[in-house]
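In what follows, a single structure is set out as structure tokens and then discussed.
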Amino acid sequence: MNATAPAPSDATAPAAATPAHPGRPRVMVLFGGRSGEHAISCATAGGVLRALDRDRYDVVAVGITPTGRWVLAEDDPDRWAIRDGRLPQVEDTAAHVLLPQATDDRDVQVLEPGTLPRTLGAVDVVFPLLHGPFGEDGTLQGMLELADVRYVGAGVLASAVGMDKHMMKLVLAGHGLPVGPFTVILPGELERDPDEVARRVEKLGLPLFVKPARAGSSLGITRVDDLADLPAALDAARAHDPKVVVEAAVVGREIECGVLGGRDGQRARASLPGEIVVTDPRHTFYDFEAKYLDEAGVTLACPADLPADVVAQVRDVAVRTFEAIGCEGIARVDVFVTPDGEVVVNEINTMPGFTPYSMYPRMWEATGLPYPQLVDELVQLALARPTGLR
């Protein structure tokens, strides 16, 4: 099962990974990828690389380029930070990486032009910090399952369901969890029957949010306050995904809650909730620029100022959402709290942003679990999890 094929490159390969120490688990931090969230994945990886305790773990950094090549990457947190609006990217190098190819093999190999493959050593667990399609959607998880390699986070099915807002809403509603009104525009449907699509969308009322069904980081999302703007919003969403979800706006506060898998058969744990408040009027919602490029235009309150009974309800809904899709390890559940105190699920993110400044680690910090210990707990949960069906 080759993660990439060797190809000539003039780029200089990063230094070799830290030699393995007997009895010390080796963690592969995997990031980048083919989705539009490539840079956010890199930034997340920088935070995790900085937090991993090098006295407890051997670490190997592996990046996936935007074209899908797996390469030995720099184990340097600063290299992957978002600075002054510059978005980091994994560049191709001469050192292409191969995953283990069988269930009885744990060795990661590096291929370079004109040389024999060299072995980096066994990998005990992969920390797959990829966001969006081809990494967070079950595709990568399936590859790791085929080789019996342990990894942090949700399995194949939960990753796929969590990535697809259409399927996610159906599963959550089937478990009795509250979701807002929505409709789905399937690939080709707009061209086949535009009048029927228009009827369903108009029925939702205004304002609307038009979203790619399988994208994150607010990529391709448009708020629509006038139906005349709907065609442009659909074009923006379909630039990322041929399947589009159109949601009725839910009036309420935007609240997030971190979920962490349970140990020894116990239920998952929920953090104290946090709240996102967009303060810059240039952003009509929490869009990509507000999330990553305009920190001054957003206030992240953690913990959120909510009544105790509402906090308990948010945490309960977050854990039930996590369990409904069969999630493991890590997730962030985003909800709306309406003026009358109702909690409505917006979505679940099975690999949330994970820089030290992201909401997920901030919420756990407020709950009493600092970033380095949170990273350690996620690795330990993955190491304790059996491979195969579970």
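The values are calculated or read from the model by the stated rules, or taken from the named source; none is laboratory data. Worth saying up front: this structure is predicted, and the values here are computed from it rather than measured. Neighbour counts run over all protein chains shown; Cβ positions are idealised from the backbone, glycine included.
A few remarks follow.
- Which listed residue is in a loop (DSSP other than H, G, I, E, B), assigned by TED's automatic domain parsing to the domain that holds ASP105 and under 15 Å from the mean Cα position of the chain (by Cα), from PHE127, PHE134: PHE134
- Scanning segment 355-390 for residues that are assigned to a loop (DSSP other than H, G, I, E, B) and in contact with a Gly (Cβ under 7 Å, 6 or more places away or on another chain) yields THR355, PRO356.
- First in segment 297-313 and in the same structural domain as MET359 (by TED's automatic domain parsing), second anywhere and of a type in the set (Lys, Arg) and surrounded by 17 or more Cβ atoms within 10 Å (Cβ to Cβ), Cβ under 9 Å, 6 or more apart: VAL298/LYS291; LEU300/ARG362; CYS302/ARG362; ALA304/ARG253; LEU306/ARG253
This table checks each residue for (1) of a type outside the set (Phe, Trp, Tyr); (2) outside any helix (DSSP H, G or I); (3) assigned by TED's automatic domain parsing to the domain that holds VAL90; (4) in contact with a strand residue (DSSP E or B) (Cβ under 7 Å, 6 or more places away or on another chain).
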position	(1), (2), (3), (4)
SER35	yes, yes, yes, no
SER41	yes, no, yes, yes
GLY47	yes, no, yes, no
ARG54	yes, yes, yes, no
VAL60	yes, yes, yes, yes
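- Number of residues in segment 33-91 that are within 17 Å of TYR151 (Cα to Cα), acidic (Asp, Glu) and under 17 Å from the mean Cα position of the chain (by Cα): the value is 0.
- Of the residues contained in segment 204-217, one or more are found to be surrounded by fewer than 20 Cβ atoms within 10 Å (Cβ to Cβ), part of a loop (DSSP other than H, G, I, E, B) and either assigned by TED's automatic domain parsing to the domain that holds MET168 or touching an Asp or Glu at 6+ places or on another chain (Cβ under 7 Å) (or both).
- Note on segment 166-202: residues that are touching a residue at least 12 places away in the same chain (Cβ under 8 Å), of a type in the set (Lys, Arg) and under 23 Å from ASP226 (Cβ atoms) amount to 1.
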